[in-house]
Every structure is written in C-alpha cells, then in structure tokens.
1. In whole Hz, what ³J(HN,Hα) sequence does region B:155-167 give by Karplus (6.51, -1.76, 1.60; θ = phi - 60°), x for Gly and Pro?
2. Looking at the square roots a ≥ b ≥ c of the eigenvalues of the Cα gyration tensor of region B:419-509, which shape do they give, rounded for a/c under 1.5, prolate if a/b is larger than b/c, or oblate?
3. In region A:43-192, what is the volume of the convex hull around the alpha carbon atoms, normalised per residue and reported in Å³?
4. Just counting partner chain Cβ atoms within 10 Å, what average do the residues of peptide A:145-154 show around their Cβ?
5. Just going by the charge dipole of chain B, with Lys and Arg at +1 and Asp and Glu at -1 on Cβ, which of B:Leu885, B:Ala353, B:Val649 is farthest out on the positive end?
6. Restricting to the protein assembly as shown, what percent of DSSP beta bridges are antiparallel, rounded to 5?
7. In degrees, nearest 10, range 0 to 90: what is the angle between the Cα axis of helix B:565-581 and the longest Cα principal axis of chain B?
8. List, in order, the whole-Hz ³J(HN,Hα) value for each residue of region B:519-535 obtained from phi through the Karplus relation with A = 6.51, B = -1.76, C = 1.60 and θ = phi - 60°; use x for Gly and Pro.
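What follows draws every value from the coordinates through simple rules; no lab data is involved. None of the values given here were measured: they were computed from a predicted structure. Here the Cβ is made from the backbone with ideal geometry for all residues, glycine too, and neighbour counts use every protein chain on show.
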Amino acid sequence: MSFVCLWSPAWRTGVDSPGRDAPARPELAAALLARAPRIAIGERGVIWADAHGFPPTERMALAADLLTILARRGARDVRAGLADTPVAAELAAMCGREVLTVVEPGTDRAFVALFPLEALDPEPRLNTLLFGIGVATCGQLAALERESVEVRLGGDAVLLWRLARADDPRREGIFTPVPPELPHASLDWTEYALKDPARLLFVINALLERVCADLLADGQGARELTLAFSLTDRSTHREVLRAARPTANRHTWVRLVRTALDRVRLGAAVTGVLVRASRVAGSEAKQGDLFDRGLVSAQATEDAVARLIEDQGDVVVIPENNAHPLLDFRTTWVNRPAAAKAVRERPHNPAEAERERPAHSAEPQLLLQLAPAPEAIEVQTVPRRDHVVPVRYRDAAGWHDVVDAAGPDRVSGAQWDGDRTYAREYFRCVTREGALVWLFRDARKRKTGNWYFHGWWD
Amino acid sequence: MAGPPYVELRAHTAFSFGDGSVTPEALVAHAAALGHGAIGITDTADLGGLVRTAVAGREQGIRVIAGAELHVDGRPAAFLARTEEGYRNLAALVTESRVGAWTSWDKARVGRERGQPNVTWQQVADHNAGLHALTGPASGSLATFLRTRDPFSRARAERQLAEWRDVFGDRLAVEVQLHHVGGEEAALAGALIELAQRGKVPWVVAHDPRYIDESSRLVHELLTALRYGLTIDAALHAGVLHPNGEWRLPTPEEMRRRWMGREAGLEESACIADACRFDLAWMRPPLPKFDIPAGFADDAAYLRAQAYEGARTRWGDPLADDERGQIEHELALIAQLGFSGFFLVMGDVVRFARSRGILCQGRGSAANSTVAYCLGITAVDPVKNGLLFERFLSEMRVDGKAEAPDIDVDFEHDRREEVLDYMYDRYRRPHAAIACIVQTYRAPNAVLDAMRAFGYPVEMATSISKRLHRYDPQDAAVHMQQRHAAKAGLNLDTPRVKALLKAIAGFEGLPRLRATHVGGFILSAAPLGAWLPIEQTNMGRTIVQFDKDDLDAIGVPKFDMLGLGGLALIRRAFDAIEVRTGKRPAMYELPTDDKETYALVSRGDTVGTFQIESRAQISSIVHTRPEHLYDIVVQVALIRPGPIQAKFVRPYTRRRRGQEEPVYAHERLKPILERTQGIPIFQEQAMAVAMTLGGYTGAEADELRRTMGNIRKAPRLIAALERLRTRMIENKSLVPRVTPELATSMCEDLKSFANYGFPESHAWSFALIAYATAYLKVHYPAEFFLGILNAWPMGFYSPATLIHDAKRHELEVRTPCLKAGDWECTIEPTADPDRPALRVGWRFVRGMGERSLEKLRVARTAGAFESIADVVTRAHLTRAEVTFLSLAGAFQAWEGERRRATWEGLRAASDILPLAPARRTSHDPPPMGKHELIALDYYTTGSSIHGHPMLALRPRLQERGVKDSRDLESFANRRGVTVAGLVVVRQRPSTANGTIFLLLEDEHGFINVIVPSKLVEPNEEVVKHAQFVLVRGQVEREGAAVSVLGREFRALRSGALVHHSRDFH
C-alpha cells in the first residue's frame, strides 16, 4: 500500500476557463506536501502521494489526512485509493464506492481483474481489437499469454496487459522528476555524403543557430555541446565541446566547432549531424542585473537565485514579449518552460504576419520609459482635422505647454474581454521644457477626465 | 460640409474569405446610408461578390466599380476595371492567380496546384489593358520598399513606380491609406505622396475597409484568428489583429476631415471612379459552338435534321400534323433565340452517356420540349401529354439577351464524373467549368468557429452546435442565450459570452466556403476564365466564382448534369437481372399497367422506391391508391410544400377516390384542371390559368411562373398576382366574366403554392423512375435491393432499414463473405431459382475504404481465398480491417465464431516473419447471444440480418403493455396506446409549423409518430437525439394510414447500438 491516489470528477478542464486545472494550483500542492513526502500530478487529473516508508497503520491515516486537506481547501467529492500498485490505487479512487478504498496487500491483481477494460482507458484502436476477440474485463486480458497479446494486438497492448495484471511500470516513475529536454538540432541527408569540412561547418552553423536560439529563449547558456556525426559506414562519431563559461553565443560555439573540425579525423563521409547542448546553465550575467546593479557578479546572482529556489520553489521566470497593440501588455513574466513553448507557438508565416501587423509607432531613438500606471492628467486640446490634439496638460507638477504633438495613434480592441477592453488615442508630445512625453485619451470615456500620462522618452 | 468628392475604391466584402466580414448587400446598404454615391469592390483574388454587389448597387442607387486585390509577386496591389476589356483582363488575372496557366490544364495537374493566389508582374503587364492599377496598401511592394531602412530602397521604389507607369500610363495611382495606427503609417503616407509627386503619378486615398461596424469588426477578428490557427486572445497578443477599428467603411465627410489640406488624393478617387465602368452583361461568355458536320449551313439546320430524325424514331414515319407542327414551332423559337447549339450540346452528351451504358434522363421543364424529346434528352412525350412548351422556353429577355433555357439531365449519380470528364475533353478544359455553391454560415458552423476562436473546448462547441443545426446564426444566438448557453455552463453575464453570442449572430449571411454545384456546367466559345474567374477543386474539377443565382442574374446558360441515385439503382438492378436471367429489361419498355406494381404502391409498401417512399408520401398514397402512371405523376407533385400549404392534398384525395365531385370555379378551367381533379397542382396549370383567364401570352405566363418560383421575391409575387387578378377581371373576351371574388380566390390559391410548385413535365420524368423502381421491387426484389444498396447513399432510408424491409419481403439476406461475396452486394442462387438471395457487400463493413477494396481486389485476382490466413496475408490486411471483417462475419465460411475468427485473423496479420511463425493458440471467448450478435452486426455493418435490435427490449416492453407496429394495425381511432421503437427517420418539414415526425422501426415494421410542436421543446433531448423512444399517445387512423399522436416521450435505455437516424430538417 505504497501509493495514494486522490481523484475527483470535478477536476476537469473548466468550461469557462479553458486549461485551468484545479489540482495544479501551487498553494494546494504546498499544503499536501506538508503531510506527504512526495506529491505528483498524474494523467486524468489525479494527485499521487507517496506512502513508501510509512508503517502500514499510518498509510490509511495519511490518505485520510490528504482527503481532509483537500476538503478544507474546497475540493469537492474527492476520493482516495490506497494500494501497492498505482493501477490498483487509481481504480480504487476512481471506481471505489467509499471515499477511501484500500486494496489489501497482495490482492492488487485480483482487485484489478474485476474491472471492465474501459477502466484502464485503452486507446480506441486497441479497444476495438480487444472487443474483436471478446475480451471485456481486465481479468480476461490478464489471463491471455503475453506472446499471444503481443502477436495479435501489438506491442502497445502489452502495457495494457501488464496493467490488467497489476504489473504497473509506473511504480518506478511517478515520483521521479523528468529531466527537461535540452536544446538540439539535427540534419540528415541521403542523396549524397559530405567530406568537405567547410560545407560541414556551414551545416553545423545553421544547426547552431537554432540550438542557440532555443538556449536564449530558455534563458540558458550551454556549458557543453555534443556533435554527433552519422557516417556512411553506419557508425556515429561523437565530439564533445566545452566552452570556458556557459554561453548561448553562436559565434563562440562556431569558433569552437571550427577548431574541433580542424582536429577531428572522421573515418568516412558524413550523412548527418546532430548538435545537442548536453549540459546547460542559466544565463548568469543577465540574471545578475535583475537583482542589484551594484552586484554585477555572476556568483552573487547565482547565490541569490539558489536561495530563492530553495525558499520558494521554482520561481525562475523570464520575460515573454508579444505583439499586443497595447504596450502595457507586451511583456509578461512567465515560468521558464512555458515561455519556451510560447515562443515556438508564434505565427509561422512572417510575410503574412507582417502584412497584418500595423505600422505602429515610429521606432524611437530614445528609450521609452513607462509610468508604473497611467497617471490621470488634465489636458487642454484644440481641434485638428478629424481629431483633437493636446496643447497643455497638467500633472502633479503643474501645467506644461505642448509645443508639438504627433498623433493620434489609435489602439482599440479586446472588446470581448470586459475590463481589458481598451480604446485609446496616443499622442507623442514635446513640452516647452523639451521633454518628450506620451499622453493618451481613453476613447471609451465620453466625458472630461479621460486623459492620461503614460510615459516619457529619455 | 461640402468638400472634395471621395469614392472608396478598395472595399472588401466577405468574399475575401477570411479577410472581410460584411455581405455585399450590407456593404452597399451601409454605403448608401453613409452618403456614398459609388463604391469599388476589391476582394482578394475574388470576383464572387461582384454580381450581388452590382445588383444591390442597382437597387440602392450606388454605382459599383469592379476590382480585385491581387498578390503580384507576393505583394498586394489592386486593379479596377475601366472598360469591358479591362473587366476581361481582371477576370483573367483572377483566374491566373488561382489556377496558374490556364490554357493547358489537365485534370490531375489542376488538383495538385492549389495555394496562395498570386500573379507575376509579367502577367499583370500582359493583361493591363482597360485596367486602372492602385499600388497597394502598406504591405504592397512600393510601400515595403519605402518602409525598408535601406539606403537603396527609395531608388528601388522609384524604379518600380516607373515600371508600373510604363505599363499603365495614366491608369495608375499610388495608393495612400491612413488608419491612425501610428507615426510610421503617417510617415509612410507622406513618403508615398512625395514619391508619387516626384514620379508624376497621381496619388489616391483609399481606406481598404473590411467591415462596417463593431459587430462585423468582431467577426473579422475571429476570422483573422481562425486564419492563423489561433484563439482570439492569442491572435491579439501575436499582433495579427488590426490594432484599431479603423478598417471600417468611413463616411465621405470623415475622409474629407482626415485629409484636409491634402485633398488631391480624394479628388483622384472620384476621377478614377468616373473613369471606371461596369456592366453585368460584360460577364456573359460567348455560347459554345457545336461542331456541325459538313453539309449543314448552321446549328439550326443541323438541329432540325437531328430533331426530325429523332422524331421518326420516336413516332415513326410519317409524322402526324400535331407532332410536325410542334417541332416546327419549337425549332423556330430556338433558332430565333440562338439556342440551337445549346440543344445540340445536350443531345451530344446524352448520346455519349448512352454509348457508355450510363442511364440518363432529362428532368424539369426541358421535358416540355418536343425537340428535347426527339433528341433523346427527355423521356416524356410532350405532344401526347399536352405539355406546355412555353414553360420551358419563352421570348422574355434579360438585359437585351435571350434568357437561357434550363435543361436538366439526370445521370447515374456515381457515373456523373465520366460525363463531366467527357464535357471537359470535348469542349476543352479552359472553355468549361462548373457553377459553384457559396455555402453561407449556418448556426453549427458559426457556433463551432466562434467558440473555437474564443478557445472553448471542441466537445462543448460540438454539443451546442448540433442542437442548433436548423437555425441561422442570428436565431442560434438567441436560442443559445435563452437555453443552451446556461445548460452548457456558460455564464451569460460575462463580457466574453456576450461577445461570443454577438459574434455568432454576426456570421449571419456570410459566405463560408465555395463548393461545386451538383449540376451547372458552363461552356464558352472562348477561354471562360476571362469572363467568369475560375478556381480549382480538390477533385480536379474547375468551378467559377459564381453560384446559380449569380449566373441567372448575368444570364449565363448552364448545362445541368445532375446525379440521381434512382437511375443508378435501376441500372444496377437491370445488370443483375441480365446476369441472372439472360434478359435485360429496358426502362421505357416496362409495362405501365402492371397491377401488382400499383397494388404495392397503393398499400404504401414503397420503402426504397424513388420519390414515393417518404412517410408523407406513404401516408398519402394509401389514400389516393394510384392505378395509372398519371396518378403517380400527380402523386410526385402532390406531396410537396406548395400543394400541402395550399391545402390541396385532402380535396384531391377525396375527389380521386370519388368521395366528392370536382368543382370548377369557371367553365374555362375544366380543360386545364380536369386531370388533377379540378385542383391546380402543376406550374403549367398556373400558366394556363393566366393565359386562359387573364389573356396572358405564353411568355407573360412564363414570366409570372418565374416570379412565383423565386422565394426571395415575395413583393414581386404579390404585385404579379395583383396584375393577374386585374387582367382576369378585365378580360372581356371571357364568358362568363371572372368576378372579383373568384379572381381573388384563384390568386390566393396560386400564392399558396407559388414557391414550391412542380412542373408537370418534371413530375412525369420522376414518375417514370418511380414506377420503374416499384416494378422492380415487385418482380425482382433481390435485384431491387441490390440496386439500392449498391447505389447507397441515396434515398430516404438507411441500409439497416432497407435490409429489414428486404427480410420482411421474405428475401434471404446473407452476411458479407470473403469466400462467396464481393465488394458490392451480390445475388446468389437458392433452391428456388426465382427467389435468389442477396449477399451484403464488403463495402458495408465498417472501416473498409477504397484502399481496403483495392487490396482485396488485387489479392483475389490471383484466385479465390481459401482460409482466414490466406485472405489476411494475400490482401495485407491491417489489424483493424481484420477485426471489422471478422466481426461482421466475413470469415464465417472458415470459422463460424466471429471472435475466434478475429483471433486467427489477428495472428495471421502479425505473422510476417517466415522463420519465426506466430504460434496458433486456442481462444475461447464466452458465447454470444442473439441480441449481442445483432448489436455486433450494427456495430460492424450498420444493419443486421439476424434480427431487429428491438428484440432485446421486447420482453421488458411486453411486461409493461407496450404495443408493436403489428398490434397497431388493429387499434381503433383515438384509442390510447404506448409504443416503442428504434428511431430511423426524423423529419421537421417547414410546412408543419414545428411539428416533428418520427418514424420508429421495430421487428415487424414501422410506426409513425407525430410530435406536436408544443411538445418538442420539453422533450427535445428525446425526440431529437434518443435512439430508442417510448411514446405514449393516441392512435390517429385515417383509412389505411395509422399514426400515433404522442403525448409523452421517453428514451429507452438499451445497450450501446451503433445507429444513426436519417434526419431531414
């Protein structure tokens, strides 16, 4: 009885909030972790708790306590299963009649055998084949020979067969962290083979561009890079390169590759190249700026980040930029893996994207500094063509004359999003004092008092 | 405020598919309301909205300028037609952008070459005559050069402008737009104006609108998001949406204020508009020339020879005076209107089809033509049956040209492609294309697309959309708000859901995609793409960008070659009869006085027959009890919305049975209405009434008929009927005169059935097929059911219902078999040589597609299959194919137990290593009961020969006193009853005011259930979606027709059954 499975039919994707998964909330995980040594989120929305090492009498208490924690935090209709194997615990939680169903040690297979195969959620193709041979329950599947299953139903069916026998391969994996996939890129060609180092370097350069871009997107630098060459004699030659410090600079890596290619002697012509960042580290210099300008030391930053991670868990975030028409919404700070994914999901057709993208504000030579929040100001205007332009504005410091104003730059949208709907007319204004300021009128408001100071250039 | 004139030259409609969200009519109406006097339409590589815009413009008093936005070497620019030649070049460029080089197509190539429409600069230069060019928006090539921060970019822009100027001369303007999106745009506008002035080219203001208001802006944003495959939130963050709402149609005054001080661009827009002309007549391609043999002066002479040759074949020599007279009358009119070639083309295609053994028959008003009859196009003798030629062709004219005749010919539906290929080859591919269908958004697509763009789960969107399938988007939004949204868990108070509903309503009337029309072929004497832009389809066909209504508005004749399942059924049945008996029946030589056939029809045993198989037809036919072919002609036309709405069915039936005498409101009506018991049922009769009582000419009567036939023109219909009423009253030649009361009453009758009346000739054509199918069902049931199953999908019923009906006719039906059967259903001998058995074909087994067929066909070419392993290994069947075939019983010749057959088949499918053969092991699944077997049959083939699924429920139902279809026969009218059955058909005819008709099937037959409209909503889930339904109600008996008027409805719980009712809403 080493696995506690917690499940509620309500833990599904919310209809009004797509993608919001109830058990994945960090505060909930923290509360559960206060009682159980290890917690994991599984498929179909289940929560796993590790009961290994608990005396048999305390395992039930652990499961009961976890149910109580969940109930206190508003989780409804949660059920728990306690068993030696994940599959039995899962079925006990999902199909058991009690709030807590305990599968006695040594009886997992007999317990699982009673369930119809649908309880194991086989993929539709496999389900059809099993229906075809008249196998309807886990017990019937478990009774078949492994060879017969493998031959007739394919390799995938063997996994289901093992589950039906309560031989669950997940026993080893549920609580083992999955290492993130490291950036890599490869190219294979079949029509010809390369011998010329210059052409090989050309190919590797292209692959490095992608690997380095991925590293940058993840806020990482590679400590170590592996080059794997597929050769015409079907062998593979690997070459490990190391940089003096973690870097995602392509030029640095190209220089190292060129040096390596001068040295390496390959036994045959090359038919494919794989470039993989085999060891990576965070981009220290950039993170250093984040905390203190006076401590532009990688070591100091690394220490700070380590302390934060230790205290708060995985709080490493990176900025994610987008093309939202409102500058306020163009940058969000997101968890590192999510950010990497988001970067890949951008539109693929640059020409079309360019067509759609507005010719927005002229790219300034000065740096735009945004106010922490738009600041309400009083503005005097005069009409010009089909709009009005500001000629004076008053902020906390008093009145400022506007000697020149460019605009309006109109942005409006998100009309489906309630509070986030916007409609603004921006003006780039030069004040008599020589300041270049960014003012806008909230076009949703009809009355006065709808002007704001949003930033300045310096 | 008065100021310089402004014409918007660059408007987009929803025919920019995905980049415009307003219908042509709405755009024009909005433009008129804003005070525009003219508007230019430049949809992206598309002229499909042009006809509708032009017609709407005519109605609103707005001049329409024809144009298109085209990608020239990947960058957009716009071209406007100034002259007829310019329009021709515009159409040619749109065609070239869609299909590339279009003078040397072949079918296979066309299918491969779809993609982003694009033309090269050289193509533009070749087609510049008569066009006015605008250099394009900010993403156009000129603007792109100016936006590029490159020291040479300005020089490149100047060079390109010079190139354009060399080609277009003074028919060129630099396009400048200002949407207030930022400094860069304003700077670009300034740079473009400066470039134009330096290059001595005029510049013009354009606003490039895509929508007209906030609602259509929201729809445009959804369409944009969908085009990029993003949700609307992601699209906003990705910057692919317009940054503001300025891409709407502005008022002229707004533009004058915006461009104050730089009015030259506005003035240029008006100058360009003045220089551009457009006329719908420019779109009419030249009629094809038929290659006539030597010795004939022209088309008309050759048609005359062909008609007389056909006439002698039809009627023998010499011809009677009335026959000769009718031919001469028709030939003269056909020659006068210039349609001789049109008839020759249709005669030729019918000859081709017959030479290939493809059954075909003209339908519709063409059957009123004696010439068409003589050419073999139609099968009904208009002289003998007194059909009115003017219903087919009259002298009325559209825009000064003869109105195109309408010849519809049906071909076997699965061999129509051969006919189309012949037409493409015969008249050359660039000269031919098919009319398109513009599919507009209906509620399900609108709900699915809008919810997808808003990021809602697909399952939720699907669940809501399938409950709204009969609504238009606007009605759907209302229904969602009132019912479905809350049920699905959507919070109506949130802005997001409000916006969702608004967006769904905003899809109303927008075109969604283009598909191929089922009939209309268009031929031209010259490459067609220069008149009507052409696109290609995935099947390798080519379609024009206009639908049937557009082509009618232009006056383009169509060669309607339609597919008809009924003909496919008959041909297949004839083939099978010939194989079995050695004699091949001929469709038009079947005895038309066969008593057994009429007996079958009269008792309503018409499941599977053509046209008279629906429940409404059966309910009527058991009362009218046809005894002659003409009774079936009337029957075909009687159960149609027109006569039903006019309440003609009951009086006709009573008079037909002699229960009341026909009444003629005027004695001159008797010869017209006598054959339909004094009731006007056919369109020809309405025309004859107008001619006889109103003194109309044939052409005037046909014009009246056309007005009656167009549902969109209700005001015109009312006006036309008022004119008829007046003419009837004022017709002094009539004795006695028509009284105002009588005239009013007659016009009311005509109004009721106006929209849906059938031509008599059309009813004749269909009746011939209906009779043939009924004859086959009586005398050759095995071949009849073989024909319909092999021609399926067609008709009203599913294969399961047809197979149950076959079994009720004591036909032995056998399971699919890989030893004895074939891909399609086959006939097998039994002990009784006159009653062969029907073997269900492999194609009815779930999961079997064309690839599976090919594998099995190739494998069996080498010899008959000998075992399960032999089939599996020789045909290289996949595990899924093996499973479905064995579960369907197709291996029964070798292993009777289906799951053991699967076990062995799966072993063989994996036995691919000769040196390590897969072990044969035994497998003993628990035995299957009969009900399980029936469910398995439904799962694998959609039907069962082992019994009806209701058998499993019957013991439980009997205990509760639920009656079956057989019991119902003996129940008295109005008696209370509880029945149950599998729902096989659901109907909600538009004429029934919301009432739903369910057809339940059980092991003995059918039960008609009426769901009154007020009970539909409270029982929606059951009556619209349940498989098995229990109904408590009362018997409604009228003669032989029995129904149950339901009061309570419940879904019956049963095991999972794979079955879908056939729903007609």
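1. 4, 5, 4, 4, 5, 5, 4, 5, 4, 4, 5, 4, 7
2. Values: a/c = 3.49, a/b = 3.32, b/c = 1.05.
Verdict is prolate for region B:419-509.
3. Working: hull volume 28.0 nm³, N = 150.
Measuring per residue, one finds 187 Å³ for the Cα hull of region A:43-192.
4. Working: counts 2, 0, 3, 9, 0, 2, 8, 16, 4, 4.
Other-chain Cβ atoms within 10 Å of each residue's Cβ, averaged: 5.
5. B:Leu885
6. Values: 142 of 179 bridges.
Of the beta bridges lying entirely in the protein assembly as shown, close to 80 percent run antiparallel.
7. Between the helix axis and the principal axis of chain B, the angle is about 40 degrees.
8. Computed from phi, the couplings for region B:519-535 are x, x, 8, 10, 10, 9, 6, 10, x, 5, x, 7, 10, 10, x, 10, 10 Hz.
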